[in-house]
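Below you'll find the structure, written out as structure tokens, and then a few comments.
The values are calculated or read from the model by the stated rules, or taken from the named source; none is laboratory data. All values derive from a computational prediction rather than experimental measurement. Here the Cβ positions follow ideal geometry from the backbone for every residue, glycine too, while neighbour counts run over all protein chains shown.
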Amino acid sequence: MGDDLRGLMFQLIDGTISSEDFKRLQDAIESSDDVRKEYLRIVNLGESLTEIANEPNALAASPERDAPTNSGRPRISIDTFAVDLNSWGKTVAASNANASGLAASAFGSGGDLRRWDLRSPGLLIAAAAVLMFVSGIGFWFGQQNESRPIDVATGGDGDAREISEPQIAGHATLRRVVDLRWSKDAAAYHEGDVLPDGLFQFEAGVAEIDFFCGASLIVEGPAKLDVKSDWSVRMLEGRLRANVPPAARGFKVLAADAEVIDLGTEFALEVQADNARIEVIDGEVELRGGTHNGDHLLTGQKQWLKGGQDNAVSLQSLSTIDDVQRRCNDAQAERFAQWKAASLRLRVDQRLIAYYPIAETQFERTVRNSAASGGNFDGQLVGPVNRTTGRFGVESSGLEFDRPGARLRTRIDGEFEAFTFACWVQIDSLDHRYNALFMGDGYENGEPHWQIRDDGCLMFSVMVDDTQDVRHFNGIDQQVVRDAGLHRVYYTEPIWDVAKSGQWFHLAAVYDPNGRTVRQYVNGDQVSREEIIEKFHIKSLRIGAAEIGNWGQPFRQTPWFSVRNLNGTIDELAIFNATLTSEEIHALYEQGKPLGY
Amino acid sequence: MEREEKQTETAAEREQRYNEFVGLLARHDQSIRRFVRLLLPSRDGVDDVMQETALECWKKFADFTPDAPEKTVEEFIRWACVVARYKALSWQRDKGRDRLVFRENVIELLSVAAMSDLDVRELERQAVEVCLSKMQDDQRRLVLSVYAPGQSIALIAAETGEQARRLYSRLNALRKLLLDCVRQQLAEELGNG
């Protein structure tokens, strides 16, 4: 058969054939069985290619496709019927409207079909088959020009690690808050928290919320919002200013019975019990629903979405990002000053062993021990420790230990009766099995280890007898492990997960050999309390060479060292030779908490 | 009394029959659809004809009496294809004024040819996959992209800046290559079988 004729067939398939050629082709088909056979082959080739092109990854570079067998296709069996879903997927039809038409008329013309499947449980299989038929047809019609369903038989790439990939539920981040007072019975959040869907409510103050799509809202209280998705929020009460960069175009605020769709840049919205209004500060919004459905508002234009009055004050007066920034800075500065005053009072506490108010320190390699009780226990930065922003904003500093070589070394000689450790820490992630807060170098008798396990549990321990070779059952590893020395680790429940990344925490641990208890605190609240049993009792405590934010093992016998640097920031740490009460620890938290806590 | 019993019997039979019908149609609609496609000059109308065919098959399912139980599937497909041919003819008759409609004789001849090797179509489809995998990446991409949803030679030409005419002749050469390969594959398969 000539290329000429074949060309006509391709033209017919591609929809480019002329009437004259179409007639010629039909003549040829009528005249020869071979032409007919070739025509069928060519049409079928086109259908096959369409099916293959519709498969996911059909255009991927590698030709390593599964061997073409039927076994690779998903089959669902219902009793004796095996319904090849894929064949539904491959078959193509007009539309879902047609589909329901077919389903309905199939049943209609079939007489009593629709009633059968409901009449008795004995017809379950029939019912299932009917469902398959209906859903199958729906699927079948819906599949036109769409990719095939996921191939359940091969189940994707089969990367087992993906299963444990951490996930956080949420749609926005609470970026900044100023003078915020939370409503009673409403969820309270911290700066940096991820906001889930649902109500977000406060009585007074200003909150800046960054939606994941890129839109950012400045909301003035009293306010009540219902977060719907990365792209939409319902404003139930309050005033907001929405800033919508190009990436977030289409961001939607629902207010009264209307949807406000931002087509770019900035608008303000006020919702009260009786009225709601919008004003475009810059750019364009579209209104949908309600009485103004389809209206577009441009820069400077206002519209009542509900109610209305003539003498309303312009919404231009709403806080801008700059206002919030300024107010935030002012409030930060005030908070910072309050903390400094409290910190000065703390320094003269005679119970202090060492005190590092890193937040107020300058860019030096030495971190002074500011405790008035003296002792040359200054710390020295070693390795790539970053000076970064502390918990009172850019005016304050913090030390970041996010690289394995980063450490703050100190040496604290002396013998102590008790320990209270307290610090402010911002955890970016718990990258290692153990993540150091404060670690005695050698972990010799009486020396403390304070760290966080990768599952978010706080750990505090003191070496009791480093000459013993102890074996114990480790619950995490589900096996007996060998421990160098007799000690006991006191754990809390997990206090941190990745959703809390970047938040500041006040952590404290009280080791009380006299009272034979170990207490641990998070943000001023006690989270665990455990007895020190006789076996693990030790009266004489020491520290010696130690590190903040890492674990130094300078006397180890091998070049290998454990990686325990903290991927996070510490901006204050105090060590007392005493057991602080819960009230005192709570007071430390109150005096030192950053804005928005 | 007697009548009532008879009705109950009919309902039960019907239920079973419907069961059977749904199972057969669900499993073999693709074969029937392919057959319909071969009788029509383009994909237009395939959905309509399939829909009509499915309804007609159900209406007449009582008349479907396979000679031998082990041949039920084969006979069902043939039987449904006969119905489909009839529906394709009448669909074309309704669309008679359209330019691209086959003459009835062409449809009849094509249906005879298609009926004679119904089972070959699926083998061909499998062979196409094998043949594609033997192609060079860019060749395969060109062939498939023409058939990908929403694509056309004109679009690809606009995207790549290549002349549509040149693309078209490359595509036709590749399609011919594929046809030859498929033919060879099937010959091998039949030979091995």
- Query: When you look at residue A:348, is it under 29 Å from residue A:417 (Cα atoms), at pLDDT 90 or above and surrounded by 13 or more Cβ atoms within 10 Å (Cβ to Cβ), yes or no?
  - Reply: no
- Message: Is it the case, given these coordinates, that residue A:410 is in contact (Cβ under 8 Å) with a residue 40 or more places away in the chain, among the hydroxyl-bearing types (Ser, Thr, Tyr) and crowded, with 17+ Cβ neighbours inside 10 Å?
- Response: yes
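If you go through the stretch A:230-251, how many residues are of a type outside the set (Gly, Ala, Ser) and surrounded by fewer than 21 Cβ atoms within 10 Å (Cβ to Cβ)? Even if it seems obvious, please write down each step before you answer.
To start, the set of residues in the stretch A:230-251 that are of a type outside the set (Gly, Ala, Ser) comprises A:230-231, A:233-237, A:239-241, A:243-246, A:249, A:251.
From what's left, surrounded by fewer than 21 Cβ atoms within 10 Å (Cβ to Cβ): A:230-231, A:234, A:236-237, A:245-246, A:249.
Looking only at that region, the number is 8.
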- Task: Check whether at least one residue in the stretch A:313-326 is β-branched (Val, Ile, Thr), without any contact (Cβ under 8 Å) to a residue 40 or more places away in the chain and not assigned by TED's automatic domain parsing to the domain that holds residue A:441, and report yes or no.
- Result: yes
- Taking the stretch B:141-167 and keeping only residues that are modelled with pLDDT of 80 or more and either within 27 Å of residue B:123 (Cα to Cα) or outside the structural domain of residue B:127 (by TED's automatic domain parsing) (or both), one is left with B:141, B:142, B:143, B:144, B:145, B:146, B:147, B:148
- Message: Going residue by residue through the stretch B:96-103, is there one that turns out to be out of contact with any strand residue (DSSP E or B) (no Cβ under 7 Å at 6 or more places or on another chain), surrounded by 18 or more Cβ atoms within 10 Å (Cβ to Cβ), of a type outside the set (D, E, K, R) and part of a loop (DSSP other than H, G, I, E, B)?
- Response: yes
- Flagged in the stretch A:405-436 as within 15 Å of residue A:448 (Cβ to Cβ) and in a strand (DSSP E or B), in numbering order, are A:410, A:411, A:412, A:416, A:419, A:420, A:421, A:422, A:423, A:434, A:436
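Does any residue of the stretch B:117-127 turn out to be more than 19 Å from the chain's Cα centre (by Cα) and part of a helix (DSSP H, G or I)?
Here is the first cut: in the stretch B:117-127, the residues more than 19 Å from the chain's Cα centre (by Cα) are none.
Within the stretch B:117-127 (the criterion being more than 19 Å from the chain's Cα centre (by Cα) and part of a helix (DSSP H, G or I)), the answer is no, since none of the residues qualifies.
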- Message: Restricting to the stretch B:33-48, name every residue that is within 25 Å of residue A:8 (Cα to Cα) and either assigned to a helix (DSSP H, G or I) or in contact (Cβ under 8 Å) with a residue 60 or more places away in the chain (or both).
- Response: B:33, B:34, B:35, B:36, B:37, B:38, B:39, B:40, B:41, B:46, B:47
- Which pairs do you get when a residue that is buried (at least 18 other Cβ atoms within 10 Å of the Cβ), found in the stretch B:107-124, comes within reach of a residue that is of a type in the set (Phe, Trp, Tyr) and not in a helix (DSSP H, G or I), reach meaning Cβ atoms under 9 angstrom, with the pair 6+ apart or on two chains? B:110/B:102
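Which of the following residues is under 29 Å from residue A:27 (Cβ atoms) and among the acidic types (Asp, Glu): B:104, B:162? Give the steps one after another, and end with the answer.
Working: B:162 fails: under 29 Å from residue A:27 (Cβ atoms).
Exactly one residue qualifies, and that residue is B:104.
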- Condition test on residue A:141, is it at pLDDT below 65, of a type in the set (A, V, I, L, M, F, W, C) and more than 15 Å from the chain's Cα centre (by Cα)? yes
- Item | Flag if residue B:88 is buried (at least 20 other Cβ atoms within 10 Å of the Cβ), closer than 15 Å to residue B:30 by Cα and at pLDDT 90 or above | no
- Considering residues that are without any contact (Cβ under 8 Å) to a residue 24 or more places away in the chain and assigned to a strand (DSSP E or B), the number found within the stretch A:493-524 is 1
- Qualifying residues in the stretch A:558-597 (those that are crowded, with 24+ Cβ neighbours inside 10 Å and out of contact with any Lys or Arg (no Cβ under 9 Å at 6 or more places or on another chain)) - the one farthest from residue A:202 (Cα to Cα): A:575
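Please work out if residue B:128 is more than 7 Å from every other protein chain (Cβ to nearest Cβ) and among the β-branched types (Val, Ile, Thr). Outline the logic, then answer.
Numbers: more than 7 Å from every other protein chain (Cβ to nearest Cβ): no; among the β-branched types (Val, Ile, Thr): yes.
Judged against the criteria, residue B:128 is not a match.
So, of the residues in the stretch A:10-31 that are of a type in the set (Asp, Glu) and farther than 24 Å from residue A:50 by Cβ, which turns out to be farthest from the other protein chains (Cβ to nearest Cβ)? It would help to see each step written out before you state the result.
We begin by selecting, within the stretch A:10-31, every residue of a type in the set (Asp, Glu); these are A:14, A:20-21, A:27, A:30.
Going one step further and asking which of them are farther than 24 Å from residue A:50 by Cβ, we end up with A:20, A:27, A:30.
Working: A:20: 11, A:27: 9, A:30: 6 Å.
Looking at the filtered set, the residue picked out is A:20.
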- Message: Quick check on the stretch A:524-531. Is at least one of its residues touching a strand residue (DSSP E or B) at 6+ places or on another chain (Cβ under 8 Å), within 23 Å of residue A:412 (Cα to Cα) and either modelled with pLDDT under 90 or of a type outside the set (Gly, Ala, Ser) (or both)?
- Response: no
